[in-house]
Structures are given as structure tokens and as C-alpha cells.
Amino acid sequence: MEPKYKRVLLKVSGEALAGDNKTGLNYDVVTEICKSIKKCSDAGAQVAVVVGGGNFWRGRSSGAMDRTRADHMGMLATTMNALALADVLESLGCVVRVQTALQMAAIAEPYIRNRAVRHLDKGRIVIFGCGTGNPFFSTDTAAALRSVEIDADILLKATLVDGVYDKDPHKYDDAKKYETLTFTQVIGEDLGVMDSTAAAMCRDNHMKMLVFDLSRPDNIYDAVMGANIGTVVSED
């Protein structure tokens, strides 16, 4: 069976890698996520990953610390997660490259767009760390940017809920799930799917996004194969 999407950008939050631990890395959870990524690659999809760092550090929640320095620390947190994902994927037999937006020559390649695309064309999984490399930008914005740069067919945003709702489904029993949305709605209605910078980048560059639940890791594979899950966000 051929994947519906040939090249995908998967955004995984740092919190997802912590599982029930809430902080740090839960290797049982990480392994299940990586197994699903491997299934996608084995099926013929080209997979790039942007990973967050919230399981270790959040720059915007750093209190009195200088925000630029706090965000730099957050970039280091994303790199730890990228290396952890790479380690597990390699143990499963995948060929992986980690690229970081800040140069860390001893442990990762620098992010070079053409090199990343070349890796993908060769069937390697590419993991992007350090967000955009700039403070004041989220890893959601990094995911939007990288998906456009590598000409991905879709941005897959793995979350802790099974799609986009009009209000928090964990707090409100009458929350309504959207099957489809536009990025203009996401921004205008302040739906909290992603920050407005990331949503505007997807909207302006016609990048399609699927928001789905990662509590079942095989949803990654199902999404790549075109299963009807989550919420599709597109401006077209």
C-alpha cells in the first residue's frame, strides 16, 4: 500500500516524549513513536521531524530570565530530544540525520535545506533541532517553516487531543470538534492549535496540516497513509 503523502513534516512536542512522567524522556513512549515513524519510512514516505523541548525547558515560562537566553536554552532542550529520537530510530534500523539551526558540529549537522532534501530523497529520516535558531519563535513556527522549505506534502501536528476543538475538550463536555478548518479561522478564532506566526506561514504558503492524537502512536502511520483521523487545516 502506497502512502498518501510522499514527504511529510512531523511535529512532535517535547511533552509527548515524556509520557506520564511529564518531564524528561520516557523511552517506552519514545520507542513506540519511533516504531510508527519507521513504519512510515518503510512504506516509502520521506519523513522529517521537528521536535519541541517542553519536557526539559520552556523559554516563554522562564520567569525573570532574559527571554533570548531562555529561548537559547530551549533550543538546547530540543536538541537533546532530537538526539534521543535519533538514537532510538537507529536502534530500530533506520538511517537518521540530525540537523540543528544552531551549529553544533560535534553532535549534529548544521541545517542546510538542500542537504536535508538530499537526505530525504535517499530515504533517511531527518530530525530538525533548535527550532528556527531564533528567540521568540516557537517550534510550531519551526515546523511550519521547515515544511515549506523542504516542500512537504503535509505538516503532521501530533498533539494530546484527537483534533481541533472550538474550546478545550478536557474542560468542556460540549466542546465541538472540527473536521476541517482554515488557517484564517485558526487565527481569527484564536483556537490555540498553534501560534499565529506558524498559522500565518502555513496559510500564506498553502501548507496543509493534519492535527491528530499521539496517544496512539500508530496514528502517525495512519495519517501518512491517508486515514480519516484528526482535523485537516487548509486554506484551499
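No value in this document is a laboratory result; all are computed from the given coordinates. Please read all numbers here as calculations on a predicted model, not as lab measurements. Backbone-built Cβ (ideal geometry, glycine too); neighbour counts: all protein chains shown.
Could you calculate the FRET efficiency of Arg113 with Ser196 from 1/(1 + (r/R0)^6), where r is the beta carbon distance between them and R0 is 25 Å, rounded to 0.05?
Details: r = 24 Å, r/R0 = 0.97.
Efficiency, from the Cβ-Cβ distance: 0.55.
Give me the net charge for the shell around Ala116: Cβ to Cβ below 15 angstrom, other residues only, Lys and Arg +1, Asp and Glu -1. All intermediate terms of the calculation are to be shown ahead of the outcome.
Working: positive: Arg7, Arg97, Arg113, Arg115, Arg118, Lys122, Arg124, Arg146; negative: Glu109, Asp121, Glu149, Asp151.
With Lys, Arg at +1 and Asp, Glu at -1, the neighbours total +4.
Taking only DSSP H segments of four or more residues, each worth -39500 (n - 2.57), what value at 222 nm results for the chain once the sum is divided by all its residues, to the nearest 500 deg cm²/dmol? Let's see the in-between values first.
Numbers: 8 runs with 88 residues, N = 236.
Computed mean residue ellipticity for the chain: -11500 deg cm²/dmol.
At a Förster distance of 45 Å, what's the computed FRET efficiency of Thr68 paired with Asp121, Cβ-Cβ distance as r, to 0.05?
Given R0 = 45 Å and the Cβ-Cβ separation, E is 0.80.
To the nearest 20 debye, what is the magnitude of the charge dipole of the range 1-70 about its Cα centre, counting +1 on the Cβ of each Lys and Arg and -1 on the Cβ of each Asp and Glu?
Once rounded to the nearest 20, the dipole reads 320 debye.
For the chain, with only Lys/Arg (+1) and Asp/Glu (-1) charged at the beta-carbon, what is the dipole magnitude about the Cα centre, in debye rounded to 20? Working shown, then result.
Values: 27 positive and 31 negative charges, 143 e Å.
Here the size comes out at about 680 debye.
Given Ile112, Asn228, Ala175, which one lies farthest toward the positive end of the charge dipole of the range 7-233, if we put +1 on the Cβ of every Lys and Arg and -1 on the Cβ of every Asp and Glu?
Ile112
Taking the alpha-carbon distance from Lys122 and a cut-off under 26 Å, which lysines remain once sequence neighbours fewer than 8 residues away in the same chain are dropped?
Result set, ordered by chain and number: Lys4, Lys6, Lys11, Lys35, Lys38, Lys39, Lys157, Lys208.
How would you rank 189-199, 163-173, 143-153, highest first, on the average number of other Cβ atoms within 10 Å across their residues?
Averaged packing, sorted descending, gives the order 143-153, 189-199, 163-173.
Of the options Asn55, Val96, Ser41, report the single residue whose Cα projects farthest towards the positive end of the charge dipole of the range 36-183 (beta-carbon charges: Lys, Arg +1; Asp, Glu -1).
So the residue we want is Val96.
For the chain, state the average projected area of the convex hull of the C-alpha atoms over all orientations, rounded to one decimal in nm².
Hull-based average projected area comes out at 12.5 nm².
Quick one: net charge around Ala223, please, counting Lys, Arg +1 and Asp, Glu -1 for every other residue with C-beta under 13 Å from its C-beta.
Working: positive: Lys4, Lys11, Lys39, Lys157, Lys208, Arg216; negative: Asp153, Asp162, Asp213, Asp218, Asp222.
Combined, the nearby Lys, Arg, Asp and Glu give +1.
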